[in-house]
Amino acid sequence: MTSDPEESVRLQGYGEMTLRTAITTLMLLAPRERADATIFRVRDGVRLASSEIAELASEWGLTPAPEIRSPKLAPEQHWTHIVRGMVREAPLPALMVAFMIGVLVARR
């Protein structure tokens, strides 16, 4: 089925726009959000299949955005793990100086 790029559609969560704009917006989303998004034709309310969306995107030269991992999605490391990692990589003289500073601060 051929689709007009200027056809009016509704992208779930984004509102009404042209088909080309909806597919461009969809390709800019993260893969997980892209999988959850849907496009409906305004004229008859039919949902576009993901295969049709992918076909139109490739036909129009639109490529999906690469997956970028957000720092907020990464599990938060506990500070002890961070310090242990720093200590493992530190040279011995630096560890001795840090220990001595720690002893002096603790005695105050």
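The values are calculated or read from the model by the stated rules, or taken from the named source; none is laboratory data. Since the structure is predicted, the reported quantities are computational estimates derived from the model, not experimental observations. A quick note on method: Cβ atoms are made from the backbone with ideal geometry, for glycine too, and the neighbour counts reach across all protein chains shown. Side chains are part of the model used for accessible areas, which takes the heavy atoms of the whole protein and leaves out ligands, DNA and RNA. Shrake-Rupley method; radii C 1.70, N 1.55, O 1.52, S 1.80 Å.
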Query raised in the report: Among the residues of region 43-94, how many are modelled with pLDDT under 70, of a type in the set (D, E, K, R) and assigned to a loop (DSSP other than H, G, I, E, B)?
Result: 4
Query raised in the report: What pairs come up if the first residue lies in region 4-25 and is touching a residue at least 40 places away in the same chain (Cβ under 8 Å), the second is open to solvent by 30 Å² or more (accessible area, probe 1.4 Å) and in a helix (DSSP H, G or I), and their beta carbons are under 9 Å apart, counting only those six or more places apart or on different chains?
Result: Pro5/Arg20; Pro5/Thr21
Report summary line: Within region 29-42, restricting to residues that are modelled with pLDDT of 90 or more and open to solvent by 50 Å² or more (accessible area, probe 1.4 Å), the one that is nearest to Glu7 (Cα to Cα) is Val42
Query - Residue in region 2-16 that is crowded, with 17+ Cβ neighbours inside 10 Å and at pLDDT below 85 present - result: yes
